[in-house]
1. Which residues, counting only those in region 43-79, are more than 19 Å from the chain's Cα centre (by Cα) and among the aromatic types (Phe, Trp, Tyr)?
2. Within region 28-42, track down each residue that is open to solvent by 60 Å² or more (accessible area, probe 1.4 Å) and small (Gly, Ala, Ser).
3. Can you name the residue in region 82-141 that is under 24 Å from residue 67 (Cβ atoms) and surrounded by fewer than 14 Cβ atoms within 10 Å (Cβ to Cβ) and, of all such residues, is modelled with the highest pLDDT?
4. In region 31-77, how many residues are charged (D, E, K, R) and within 23 Å of residue 127 (Cβ to Cβ)?
Amino acid sequence: AGSRSGFAGPFSFLGGVMTEKVRAVAALQFLVLRSSRAEKIVAFYHAVGLEFAEEKHSNGPRHHSCELGGLVLEIYPRGRGDDLQTDITLGFGVASVEDALAALAAAGFASGPFAPPSGAGRLLTANLRDPDGRTVILTSF
């Protein structure tokens, strides 16, 4: 169950209603940037000192990925139909996707529409949109 607290940190958008479990383990795991000039963006960050590897997953586009400690930065080419709200994707690791969705609902945020969860049994991943339309992916540890 959620608890009311005076917490005014990064989760203040939830009105202070959160489970201790969700608050204690949330971590930014990856950040995806999309650009119509992806190669230039990669060159820029490479000049800053980041080392990228080229990747391709299933039918997805070729893109570049860089590990920064516990964070993965990925740079994708912008696709047709992508706009500024889809240029950034945030991926958070949480102890329980179900608890995070419940906390969002308790704070008045709709938990959908989101893509069907992956994984059998327990909800392991949920694809959401923040109030500005950016993609937010929650993944259970």
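1. Passing the criteria: 44, 45, 52.
2. Listed by number, the list holds a single entry, 36.
3. Here the residue is 141.
4. Filtering region 31-77 down to residues charged (D, E, K, R) leaves 34, 37, 39-40, 51, 54-56, 62, 67, 74.
The next check asks that each one be within 23 Å of residue 127 (Cβ to Cβ); those that pass are 34, 55-56, 62, 67, 74.
The number of residues fulfilling the criteria is 6.
The values are calculated or read from the model by the stated rules, or taken from the named source; none is laboratory data. Here the structure is a predicted model, which is why all the values come from computation and not from measurement. Backbone-built Cβ (ideal geometry, glycine too); neighbour counts: all protein chains shown. When the accessible area is computed, the model is the full protein with side chains, heavy atoms only, and any ligands, DNA or RNA have been set aside. Shrake-Rupley method; radii C 1.70, N 1.55, O 1.52, S 1.80 Å.
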